[in-house]
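Below is one structure; the comments refer to it alone.
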Amino acid sequence: MGILNVTPDSFSDGGRFAGRGDALRQAERMAEEGADLIDVGGESTRPGAEEISADEEVARVIPVIEALRGLRPLSIDTRKAAVAEAALRAGASVVNDVSGLADPGMAGVVARHRAGVVVMHMRGNPATMRDHTAYADLVRDVQEFLAGRLKVAIAAGVERECIVLDPGVGFAKTAEQSVRILGELPAIISLGQPVLVGPSRKSFLATLGGGKAPAERLAGTLGACVAALSLGARIFRVHDVGEVRRALDVAEAILHRPNSTQRG
């Protein structure tokens with residue numbers, strides 16, 4: 001899943017692809033590099049980001065989605081049912097909801113359009129999530145949250161095979177907690193749905209020697225994605241599509257190589 005932020009203030013590439021032309025060229029580049037899905041976002045969800053109106057978000061993303069139809073399947077990165085509705089009508093086929101269906105209308109929108117949905121774990125909102133990192137049991141709490149939201153989606157009419165779960169690396173989690181939840185992915189996979197991870201260029205990588213600035217965290221991103229693949233993750237939301245794609249292809253070939261010592 002290639003990240004296409006059409007925002008002026010995202011943590012890693014804020015403003016670079018806010019213009020329609022720049023956004024289209026970046027999407028084409030990611031498609032050439034092997035992106036299976038392009039995730040279009042019109043509102044920053046970096047820690048401390050302030051919410052924008054649905055109208056402003058729609059104005060940012062819809063022209064891009066309309067222009068990209070047919071290039072690759074598109075997802076809309078939004079917490080708002082109204083934005084998801086507009087994006088699905090414009091040509092998106094997946095909703096990537098970092099709030100875990102917090103908007104009461106979101107699951108219904110997804111169901112009506114028979115769309116896919118990524119349900120992520122987060123507490124609070126981007127402006128407040130740094131204040132919500134105290135857990136009784138991190139892994140159990142994330143697992144129980146996602147299990148509950150999975151039930152909400154299904155009850156609203158979303159087909160189970162259309163639902164992907166995301167443990168929310170970096171969202172209402174300290175660096176140490178982000179590392180732990182990645183290492184405990186089998187607990188999330190046990191819920192029976194495909195799992196997406198989004199470690200790309202995030203600050204927790206710096207604590208592992210992965211680079212101080214976002215642009216310096218490619219090696220850390222590659223390490224996190226390969227580790228997550230080995231633990232069962234199947235979708236990877238990243239900025240550096242070509243490099244991650246090649247790393248995952250190599251890791252996949254090694255991890256799933258037939259055992260040459262077997263006979264029979």
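Results, tabulated for the structure shown:
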{"quantity": "Assigned charges on the beta-carbon of Lys, Arg, Asp, Glu; segment 135-224 dipole about Cα centre (debye)", "calculated": "240 debye"}
{"quantity": "Whole-number Å³ per residue for the convex hull built on Cα positions in segment 98-200", "calculated": "96 Å³"}
{"quantity": "Inter-part distance where segment 94-148 and segment 63-84 are each reduced to a Cα centre, Å", "calculated": "19 Å"}
{"quantity": "Virtual spin-label span in nm between Asp55 and Thr128, 7 Å along Cα→Cβ", "calculated": "2.5 nm"}
{"quantity": "DSSP H segments from the chain that extend 24 Å or more along their own axis, Cα-based, with Kyte-Doolittle mean of -0.5 or above", "calculated": "138-155"}
{"quantity": "Exposure rule at most 14 other beta-carbon atoms within 10 Å, DSSP loop trypsin sites (Lys or Arg not before Pro): the chain longest free segment", "calculated": "115-211"}
{"quantity": "Three principal axis lengths of segment 25-123 [C-alpha, angstrom, descending]", "calculated": "35, 32, 25"}
{"quantity": "The chain, dipole about Cα centre (Lys/Arg Cβ +1, Asp/Glu Cβ -1), debye to the nearest 20", "calculated": "540 debye"}
{"quantity": "Segment 136-264: relative contact order as a whole-number percent, Cα under 8 Å and 6+ apart", "calculated": "21 percent"}
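Here, each number is a calculation from the coordinates, and none is a lab measurement. Because the structure is predicted, anything quoted here is derived from the model rather than measured. Glycine gets a Cβ as well: all are built from the backbone with ideal geometry, and neighbour counts include every protein chain shown.
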